[in-house]
Amino acid sequence: MWRETKILLIDDDSTRRRDLAVVLNFLGEENLSCASHEWQQVVEPLSSSREVLCVLVGAVNTPGTLLGLLKTVLSWDEFLPVLFLGDISSSELPEELRRRVLSNLEMPPSYSQLLDSLHRAQVYREMYDQARERGRQREPNLFRSLVGTSRAIQHVRQMMQQVADTDASVLILGESGTGKEVVARNLHYHSKRREAPFVPVNCGAIPAELLESELFGHEKG
């Protein structure tokens, strides 16, 4: 459905792994399903890790091996999007690994939740490919805060991608509560100014006669 890519499904719960593979096949998503100890053998025939869209990680039966599994998977492809299945918690993972987890799918996942998560993985992969060509790297935080698969949301993501690392001024329009500040914060986070502070200003709370001096300063007299 997304590209000529495969979904890597790693789960030591064989029943759940089989059921989810059936769902993915129904959606037309080619997948490689395996237990945690055999994923390297499963991906070995691939010509490149770029053939994998994302990795779905479920149960890892051997205690303490989830961290080891993620480290080896991400050493194979540093920017492979990770989706957790079921009640796996990422809170105890190192920050670097937590940032690679795009979402946690409830089991069984709803149709919309699964499609949205796969769509975010696809967008992340595509944006990273383009960022890599420019020598830049993207963080997955952008896709955690911008959920949805509608055409409008896809268009917003596309426009953000085009301007995030440029010096262009950006005007964000929308009704109250639609997420204008979310977009602004993500643009700042992915810009060259990310190390500088992000300063939101509520212009509606500033009297018109003071707005200009508040934003641009003034000299007495």
The chain: longest stretch without exposed trypsin sites (Lys or Arg not before Pro) (DSSP loop, at most 14 other Cβ within 10 Å), sites themselves excluded?
-> 4-133
Leaving out ligands, DNA and RNA but keeping every protein chain, what accessible area does His188 have, in Å² rounded to the nearest 10, with a 1.4 Å probe?
-> 40 Å²
Per the 1.4 Å probe, what fraction of the accessible area of the chain, in percent, lies on carbon and sulfur atoms?
-> 51 percent
Accessible surface, 1.4 Å probe, highest first, among residues Asp12, Asp167 | Asp167, Asp12
Here FRET efficiency (C-beta to C-beta, Leu211 to Gln158, R₀ 41 Å, nearest 0.05) is 0.80
All other residues with a Cβ under 13 Å from the Cβ of Leu24 taken together, and with Lys, Arg as +1 and Asp, Glu as -1, what is their net charge?
-> 0
Would you calculate, for the chain, the mean residue ellipticity at 222 nm contributed by helices, counting each DSSP H stretch of 4 or more residues as -39,500 (n - 2.57) and dividing by all residues, to the nearest 500?
-> -12500 deg cm²/dmol
Using alpha carbon centers only, the stretch 45-95 is separated from the stretch 5-27 by a whole-angstrom value of 15 Å
Mean separation of Cα pairs under 8 Å and 6+ residues apart, divided by the residue count of the chain: what relative contact order is that in percent?
-> 13 percent
Round to the nearest 0.05 the FRET efficiency obtained for Arg151 and Asp87 when R0 = 35 Å and r is the Cβ-Cβ distance.
-> 0.60
Calculated FRET efficiency, Glu126 and Asn25, Cβ-Cβ r, R0 30 Å, to nearest 0.05?
-> 0.80
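The values are calculated or read from the model by the stated rules, or taken from the named source; none is laboratory data. Small disclaimer: the values here were computed from a predicted structure and weren't measured. Every residue, glycine as well, gets a Cβ built from its backbone with ideal geometry; the counts of neighbours run over all protein chains shown. SASA here: full protein model, heavy atoms, side chains in, ligands and nucleic acids out. Shrake-Rupley method; radii C 1.70, N 1.55, O 1.52, S 1.80 Å.
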